[in-house]
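Here's the structure we're looking at; comments come further down.
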Amino acid sequence: MKRIIISGGGTGGHIYPAITIYKEIMKQQPDAQVLYVGTKHGLEADLVPKENIEFVTLPVQGLQRKLSLGTLVTMGKTAYSLIKANSIISSFKPDVVIGTGGYVCGPILMAAALRNIPTLIQEQNVIAGITNKILSRFVDVVAVGYNEAAKSFDKAKQVVYTGNPVRPDVLVDSRVEGRKHFGLSDDIFTVLIAGGSRGARTINNAMIDVHKHFQGKDGIKLIHITGNGEYTSVLEKLGINDGSGLGESSLILPYLHDMPKALAATDLAVFRSGAIGLAELAVRGIPSVLVPYPYAAEDHQTYNARIFVQEGAAHMIVDKVLTSHDLIGEIEMFMANRELLAQMGASALHLGKPNAAHDIAELALSIAK
């Protein structure tokens, strides 16, 4: 029976891959014992217990750029986290430790590596995060989501290109099933607009006039997920009381639990370019218009998007110049040019790695003690 620690925290981009890898490990090794190490205040504190995974926390946070009292407090927490991480390892006795990113991975992976316990990190982005860059010098293997990410890990012992793990349910629904769920006939051109779990204000603002432009027009459906914090504001700007208030052309939602069904139904996506969102578009073969989040660490979303643009799977619009006119132009161009849409869909599919979670789990189990 293998004993495995998984760690990843802060954002969904680190936590969802960790949960996906956990589920794949349990398929391959049903008697495995898994412990998840996260933070008390991160999204993982809410998501991980819902999956019935044993969960413990470390008191760690990111270092600030300037020296201040806050920096000293953070350094104190980091030192304490290393002691606590060492205690967790002594108590749990893992055969392998897996990290998927976020500051919380630092202490637990470092403590494991220093004790010669096999370690693996999974890097989702083209440009690696600072924590993973540092850890790559100590861990046994780095699994990268993009081939190009290997450049960030020139000091690593071993780098393996696996692709990014996607939830199995993303691939379950057929186009017919997805369209049936949303009440769409096959001739309705369907655009899925989403800015990640928190929404994207720039995209939401640009969408106001896009909804107005297509209102009442036949043959199109805009499924717009605003994020919980932006939903009321979007409705107010449109002068409607609920998300179906514009008629058949638009459906506006704060959040969508059935995202796999929406992906199955979609002809074109307007997305940010977080690594996991892109991985899901790729395995479904969905062409996209990408608007990278400009404040992501190391501007990694722009680098992620560029890969899709270079491969012919997406168009990119810079956040600060995005307008409703741009989005209307892109949508109408794709509606009129289905051949290009199909070509870009095929290019997206070529970038997809549907077996990534399986391969990462297999890799982790292969290096376990």
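A few comments on the model shown:
- Considering residues of the stretch 112-127 that are farther than 16 Å from I15 by Cα and buried (at least 24 other Cβ atoms within 10 Å of the Cβ) only, the residue farthest from the chain's Cα centre (by Cα): A112
- Options A143, A156: the member that is over 29 Å from L268 (Cβ atoms), at pLDDT 95 or above, part of a loop (DSSP other than H, G, I, E, B) and open to solvent by less than 70 Å² (accessible area, probe 1.4 Å): A156
- A200 passes every criterion in (1) under 24 Å from R179 (Cβ atoms); (2) within 18 Å of the chain's Cα centre (by Cα); (3) aliphatic (A, V, I, L, M) apart from (1).
- Of the strands (runs of 3 or more DSSP E) entirely within the stretch 247-362, those holding at least 2 residues that are under 21 Å from the mean Cα position of the chain (by Cα) occupy 268-271, 288-290, 314-316.
- Long-range neighbours under 6 Å by Cβ, at least six apart or interchain, first residue assigned to a strand (DSSP E or B) within the stretch 83-102, second crowded, with 18+ Cβ neighbours inside 10 Å and not aliphatic (A, V, I, L, M): V96/P118; V97/T119; G99/S7; G99/C105
- Subset of the stretch 179-224 that is of a type in the set (S, T, N, Q) and outside any strand (DSSP E or B) - its residue that is most open to solvent (accessible area, probe 1.4 Å): Q215
- Pairs with Cβ under 6 Å, 6+ apart, first in the stretch 224-237 and assigned by the TED database to the domain that holds V270 and within 19 Å of A269 (Cβ to Cβ), second β-branched (V, I, T) and part of a helix (DSSP H, G or I): T226/V234
- Strands (runs of 3 or more DSSP E) fully within the stretch 1-62 that include at least 3 residues being modelled with pLDDT of 95 or more and not β-branched (V, I, T): 33-38.
- Total residues in the stretch 69-102 satisfying the condition of being open to solvent by less than 50 Å² (accessible area, probe 1.4 Å) and either at pLDDT below 90 or under 30 Å from V126 (Cα atoms) (or both): the figure is 16.
- Unmet requirement for Q122, which otherwise passes all of (1) among the polar types (S, T, N, Q); (2) assigned to a strand (DSSP E or B); (3) out of contact with any helix residue (DSSP H, G or I) (no Cβ under 7 Å at 6 or more places or on another chain): (3)
The values are calculated or read from the model by the stated rules, or taken from the named source; none is laboratory data. All values derive from a computational prediction rather than experimental measurement. All Cβ positions, glycine included, derive from the backbone under ideal geometry; neighbour counts span all protein chains shown. Ligands, DNA and RNA are excluded from the accessible area calculation, which covers all protein heavy atoms including side chains. Shrake-Rupley method; radii C 1.70, N 1.55, O 1.52, S 1.80 Å.
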